[in-house]
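What follows is calculated from the coordinates using simple rules that are stated; it is not laboratory data. Only a predicted model underlies this, so the values are computations on that prediction, with no experimental measurement involved. Note that each Cβ is placed from the backbone with ideal geometry, even for glycine, and that neighbours are counted across all protein chains shown.
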């Protein structure tokens, strides 16, 4: 079973809430570079097992199914282009594929939006999963740069899982620095906490 994320949910970060709110406890006190974040499923034990197989064990055939669930459960963002979180070089070589890219490519086809590699890694980072919540933002701060001088005004930014939002926020900041006016994050799964 893959439980849906909301509604209701926070209009900003997409966290499930007891009632619709513009900003919740999880994101209300943070300055975020993205305008909205939405995910298809809650990051439960089942979703965690699927994502691990997808990311670490080469379950490539999961990308179209993940995209189908996202397209079914997440409204198409008001975007000119779809971009994705670029992989860390070493981990990408070990995996042999790039889940965020594969998901973005499948969504681009479904939503009839161009897929573009708008971001590049500036340096390797420690695995986010191994870090406490507070250290995740510092770990990815400055880890992304625009892959070209300017980017489209409205970008849908795709990743596999939204945990604390640190990775997508750092990537969105790089897109904004290159001229994006809106960045809408879309992920397959999202960690959920009790927020209001």
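Here 187, 163 are placed in order of increasing Cβ neighbour count within 10 Å, fewest first, which gives 163, 187. Counted by neighbouring Cβ atoms within 10 Å, the residues 144, 62, 188 run from fewest to most as 62, 144, 188.
Can you tell me which of 101, 184, 57 moves the most in a GNM of the chain? Springs connect C-alpha atoms under 10 Å apart. Evaluated over the chain, the most mobile residue of the options is 57.
Between region 1-66 and region 104-163, what's the alpha-carbon centroid distance in Å? Each part's Cα centre sits 15 Å from the other's.
When only Cα pairs below 8 angstrom with a gap of at least 6 residues are kept, region 1-75 shows a relative contact order of 27 percent. Here, region 36-190 has an Rg and a Dmax of 14.3, 41 Å when only alpha carbons are counted.
From Cα pairs below 8 angstrom and at least 6 apart in sequence, can you work out the relative contact order of region 36-190, rounded to a whole percent? This gives 32 percent for region 36-190. With springs only between Cα atoms under 10 Å, which of 33, 108, 134 fluctuates most in a Gaussian network model of the chain? For the chain, modelled as a Gaussian network with Cα springs under 10 Å, the answer is 134. Annotation: the antiparallel percentage among DSSP beta bridges lying fully within region 36-190 is about 15.
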